[in-house]
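Engineer: The structure is given below, and queries will be raised subsequently.
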Amino acid sequence: MKPVNVGIIGFGTVGAGTAEVLLQNREIIRNRVGTDIVIRRIADLDVTSDRGVAIEPSVLTRDAEEVIRDPEIHIVAELMGGTGRARELILAAMERGKHVVTANKALLAEHGKEIYEAAERHGVDLAFEASVGGGIPIIGSLRGGLSANRVTAIMGILNGTSNYILTRMTEKGQPYDQAVQEAIELGYADDPPTLDVDGTDAAHKLAILISISFGAPAALGRIHREGIDRITPEDIRFANEFGRRIKLLAIARHRNGRVEARVHPAMIPTDHILANVNGPYNAIYVEGDFVGPNLYYGLGAGRRPTGSAVASDIIYLAREIRQGMKNFMPPLAHARPLETEVDIQPMDELRCSYYFRFSALDRPGVLSRISGILGEHDISLSSVIQKGRDVNGSVPVVTLTHEALERDVVRALARLEPLDILTHPTMVIRVEGA
Ligand code: HSE
């Protein structure tokens, strides 16, 4: 049996991890696939740095086109990242009849429709296990083991950097900036970690999970997105008093034919299954109508976990090639044409509970004024805490609400914010699993 040849574009952390697992576990993989998987070419602008992987210098090239043009290469793994050149190279590889593996969540979230359609048009396969949750096999589970189910809900901690920062703020009482600095120094965060902390990275991943679960691309711009940079140690302490933790959650729920899709910090009960997913770990909770709840947990980033995910895609495709098959599984694991996007519910129709931290003057009647305006907008309080007095004479008035409509919350806050009883903007955090 002839070997299956792979070309890798991008020899950074993920490329090196992929090469490492393919070489180190070569025999195990050969036994599982029934033939050798050979790394025939690796393209990267840096062909001299030592990546700790025994690759012959002749395999390395600075020219990614060499990978695309090589007629002996069956599978191209795009591991360079970015949404410009990576997109062109993937489309060019597909045009030449090559199967593609990618870890590029930004590219799939922004240009998924074009890439899924190109794969179908050219009769090649596209696999992207590493794009969500690093080493966690969540894409394979949605495409395979859960494929009999209507997915009713997804709730994930999809960004390890934010999760690390929130964990340090919770466990050590660190302020946000200090936790970010520590994450950068330990290599858990880029400097600056913008796309990780502002919710963009998690939104990219949620868009991909929604696309597979609901069978059509999800418009990234319609996924509500908020980051963790406004969370303070004070909010974390109050959350604790309410028996809750703050996590950056990516949530999708099936709602009467539409999908609720949002990424934001959320308070969840301390005994919630996601509340103790800490540090750089990711976890994805999925509910299916028949299977019920499922939980996936593991490292969402890093050379070896992400290399493991990319290699699993290469193995899947190598098995197909060995059997003389292709297109066994369409990119989104749905056979129907991808004509429409998933219908995402407008955010102002969301119903959930809320945490408000008002910074208010410590005067008689202030709490009743606040609760009166909330009441006029159908927002009912379930708990209130008022403690301490700060140096400016204002106090935190902290409330949890019963379920309310997001639109009403926006309107109520627009009425409250200009009042002179409030000294600072109000902190709003949605509450899940109330
Ligand atoms: N930057 C991502 C995270 C890992 O912090 O989870 C790669 O997707």
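Engineer: Among DSSP beta bridges lying fully in the chain, give the percent that are antiparallel, nearest 5.
Structural biologist: In the chain, DSSP labels about 70 percent of beta bridges as antiparallel.
Engineer: Also: Taking N as the number of residues in the stretch 132-284, what is its Cα Rg relative to 2.2 N^0.38 Å?
Structural biologist: For the stretch 132-284, the normalised Cα radius of gyration is 1.04.
Engineer: Among PHE358, PHE290, PHE242, whose mean-square fluctuation peaks in a Gaussian network model of the chain (Cα, cutoff 10 Å)?
Structural biologist: PHE290
Engineer: Provide, for q = 0.06, 0.09, 0.11 Å⁻¹, the log10 of I(q)/I(0) from a solvent-free Debye sum over equal Cα point scatterers in the chain.
Structural biologist: -0.29, -0.61, -0.85
Engineer: So what is log10(I(q)/I(0)) for the stretch 288-346 at q = 0.27, 0.29 1/Å, when the Debye sum runs over its Cα atoms only?
Structural biologist: -1.02, -1.05
Engineer: How large is the Kirkwood hydrodynamic radius of the stretch 350-431, counting all unique pairs of alpha carbons, in Å?
Structural biologist: Computed over Cα pairs of the stretch 350-431, the Kirkwood hydrodynamic radius comes out at 12.6 Å.
Engineer: I'd like the Karplus ³J(HN,Hα) series for the stretch 252-264: coefficients 6.51, -1.76, 1.60, θ = phi - 60°, whole numbers in Hz, and an x wherever there's a Gly or Pro.
Structural biologist: 9, 9, 6, 9, 6, x, 10, 10, 7, 9, 7, 10, 6
Engineer: Could you work out the percent of alpha carbon pairs in the stretch 238-346 separated by over 23 Å, rounded to a whole number?
Structural biologist: Of the Cα pairs, 53 percent sit more than 23 Å apart.
Engineer: For the chain, what does the helix formula give at 222 nm: sum of -39500 (n - 2.57) over DSSP H segments with n ≥ 4, over the residue count, nearest 500 deg cm²/dmol?
Structural biologist: -10500 deg cm²/dmol
Engineer: When a/c is below 1.5 the answer is rounded, else prolate if a/b is larger than b/c, else oblate, so apply that to the stretch 122-167 with a ≥ b ≥ c taken from the square roots of the Cα gyration tensor eigenvalues.
Structural biologist: Verdict is oblate for the stretch 122-167.
Engineer: Here is a follow-up. Only Cα pairs within less than 10 Å get springs; with that Gaussian network setup on the chain, which residue of ASN31, ASN240, ASN294 has the largest fluctuation?
Structural biologist: ASN31
Engineer: Can you pull the three principal axis extents for the Cα set of the stretch 98-210, in Å, largest first?
Structural biologist: Per principal axis, max minus min of the Cα coordinates gives 52, 29, 19 Å.
Engineer: Shifting gears a bit: Roughly how far apart, in whole Å, are the Cα centres of the stretch 241-274 and the stretch 16-41?
Structural biologist: The stretch 241-274 and the stretch 16-41 have Cα centres spaced 39 Å from each other.
No lab work stands behind these numbers, since they all come straight from the coordinates. Worth saying up front: this structure is predicted, and the values here are computed from it rather than measured.
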